[in-house]
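K.L.:
Quick one: the structure is below, questions incoming.
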Amino acid sequence: MSENEYWFCLKHHTVEGRDGCKSADRLGPYATSEEASRALEKVQERNEEWDNDPAWNEDGKGSGDGLTDGTPDS
């Protein structure tokens, strides 16, 4: 791990260094404080991409089940 890593705390909605809240309450690590501050935006962007990705969702926009044939991928 790098000394210059940052996490976004889901509990406090703040950017933290290595000695922040427990891992279960954080997203990261990120290389910069700026990247960490955009963590929730990035999550939303990825969710929208995956919801509309036919490789993940053949039922069409927004079904969100992540299944293509009714069974989980192995």
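A short reminder: the numbers here are calculations on the coordinates, not readings from a lab. Just so it is clear, the structure is predicted and the values come from calculations on it, not from any experiment. All Cβ positions, even for glycine, are placed from backbone atoms using ideal geometry, and neighbour counts span all protein chains on display.
K.L.:
FRET efficiency for Asn47 and Ala24, Cβ-Cβ distance as r, R0 = 30 Å, nearest 0.05?
P.N.:
Efficiency, rounded to the nearest 0.05: 0.95.
K.L.:
Once a ≥ b ≥ c are taken as the square roots of the eigenvalues of the Cα gyration tensor of segment 6-51, is the result rounded (a/c under 1.5), prolate (a/b larger than b/c) or oblate (a/b not larger than b/c)?
P.N.:
Prolate.
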